[in-house]
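Participant: Sharing a structure here in structure tokens format.
The values are calculated or read from the model by the stated rules, or taken from the named source; none is laboratory data. Values in this document were obtained by computation on a predicted structure and should not be read as measured data. Glycine gets a Cβ as well: all are built from the backbone with ideal geometry, and neighbour counts include every protein chain shown.
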Amino acid sequence: MTCVGIVGGLGVGATVHYYERIAAACKLRGVTPDLVFTHADVDFGQGLVRAGKLDELAAYLVSFLDRMARAGAGVMAIPAVTPHIAIDRVKKLTTLPIIDIVETLGAELRARKIRRVALLGTVFTIEGSLWGQLQRYAPEVEIVKPQSDEIAFAGAAYQRILDSQRSNDADAAKLRDLAAELQRRDGVETILLAGTDLTVMFDETTAGFPAIDVARLHIDAIVERLAA
């Protein structure tokens, strides 16, 4: 069995969500998951993202990967979308195998022949449109950016989830309205839930609009490695 190392804390709710879902999925398969967790500081990591210090962010993340490798982890995962802004830099600093959240997403979009999507997540994720990384795995997919005021609202709503770990009914209603507008105005086929903490608010079955939970895809890929 493969031991998977998970960089927790980015944020805490996302880490708990991954742990619960991984444990439940493994139990259904009759597998006891072999996991190693570390805890990174979400505020420090977000500060590096805001400052554009991506080399420092990569080095910070790799320090946790190295610690988990010393604890026996053979494959690594970062259960948050925004830190993947530095994933290429991370891969240059380590030879440790990483289950890349964008790679798993690309495989799903190719399989479903989806061509036009939009993102919900942090401002950095929405503005960055996955930083061109999706082109590597699903070059036919176009990421539609919401308008600037829509990005600002979605990012603020996400930050409120991060800060409180609670759902806000008014924010949820407005995000649903935004999703509907992106479909109507921009021809978006599905909305990518590209922020793990959004699960505090809704998921693919409860969102009320066509959605793909990026975290679910990542968790499925982690479980596959654990069960191998």
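Let's see how each residue does on (1) more than 27 Å from GLY47 (Cα to Cα); (2) at pLDDT 95 or above; (3) out of contact with any Cys (no Cβ under 7 Å at 6 or more places or on another chain):
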{"site": "GLU142", "(1), (2), (3)": "yes, yes, yes"}
{"site": "LYS145", "(1), (2), (3)": "no, yes, yes"}
{"site": "VAL188", "(1), (2), (3)": "yes, yes, yes"}
{"site": "LEU193", "(1), (2), (3)": "no, yes, yes"}
{"site": "PHE202", "(1), (2), (3)": "no, no, yes"}
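Participant: If only one of ASP177, ASP186 is over 20 Å from LEU105 (Cβ atoms) and in the same structural domain as ILE114 (by TED's automatic domain parsing), which one is it? Lay out the reasoning, then the answer.
Facilitator: Working: ASP186 fails: over 20 Å from LEU105 (Cβ atoms).
Matching residue, one of ASP177, ASP186: ASP177.
Participant: Next question, about the same structure. Scan (1) over 27 Å from VAL62 (Cα atoms); (2) surrounded by 15 or more Cβ atoms within 10 Å (Cβ to Cβ); (3) not β-branched (Val, Ile, Thr) for the single condition GLU140 breaks and write down its number.
Facilitator: (2)
Participant: Does ARG116 meet the test of being of a type outside the set (A, V, I, L, M, F, W, C) and not assigned by TED's automatic domain parsing to the domain that holds HIS17? Before the answer, list the steps.
Facilitator: Details: of a type outside the set (A, V, I, L, M, F, W, C): yes; not assigned by TED's automatic domain parsing to the domain that holds HIS17: yes.
Against the criterion (of a type outside the set (A, V, I, L, M, F, W, C) and not assigned by TED's automatic domain parsing to the domain that holds HIS17), ARG116 qualifies.
Participant: VAL16 passes all but one of (1) within 18 Å of ALA215 (Cβ to Cβ); (2) in contact (Cβ under 8 Å) with a residue 40 or more places away in the chain; which number fails?
Facilitator: It is condition (2) that VAL16 fails.
Participant: Report, by residue number, each residue of the stretch 39-74 that is surrounded by 19 or more Cβ atoms within 10 Å (Cβ to Cβ), within 18 Å of VAL4 (Cβ to Cβ) and touching a helix residue (DSSP H, G or I) at 6+ places or on another chain (Cβ under 9 Å).
Facilitator: Hits for the stretch 39-74 are ALA40, LEU61, VAL62, LEU65, ALA73.
Participant: Hey, which of the helices (runs of 4 or more DSSP H) in the stretch 111-228, taking only ones fully inside, have at least 1 residues that are touching a residue at least 40 places away in the same chain (Cβ under 8 Å) and under 15 Å from the mean Cα position of the chain (by Cα)?
Facilitator: Working: elements: 123-128, 134-137, 148-164, 169-186, 214-227.
Ranges flagged: 123-128, 148-164, 214-227.
Participant: Looking at the stretch 96-110, is at least one residue surrounded by fewer than 18 Cβ atoms within 10 Å (Cβ to Cβ), farther than 30 Å from LEU175 by Cβ and either touching a strand residue (DSSP E or B) at 6+ places or on another chain (Cβ under 7 Å) or not assigned by TED's automatic domain parsing to the domain that holds GLY195 (or both)?
Facilitator: Yes, there is a match, as at least one residue in the stretch 96-110 is surrounded by fewer than 18 Cβ atoms within 10 Å (Cβ to Cβ), farther than 30 Å from LEU175 by Cβ and either touching a strand residue (DSSP E or B) at 6+ places or on another chain (Cβ under 7 Å) or not assigned by TED's automatic domain parsing to the domain that holds GLY195 (or both).
Participant: With the structure loaded, tell me whether TYR18 is in contact with a strand residue (DSSP E or B) (Cβ under 9 Å, 6 or more places away or on another chain) and either closer than 21 Å to ILE126 by Cα or crowded, with 16+ Cβ neighbours inside 10 Å (or both) or whether it fails that test.
Facilitator: Yes, satisfied.
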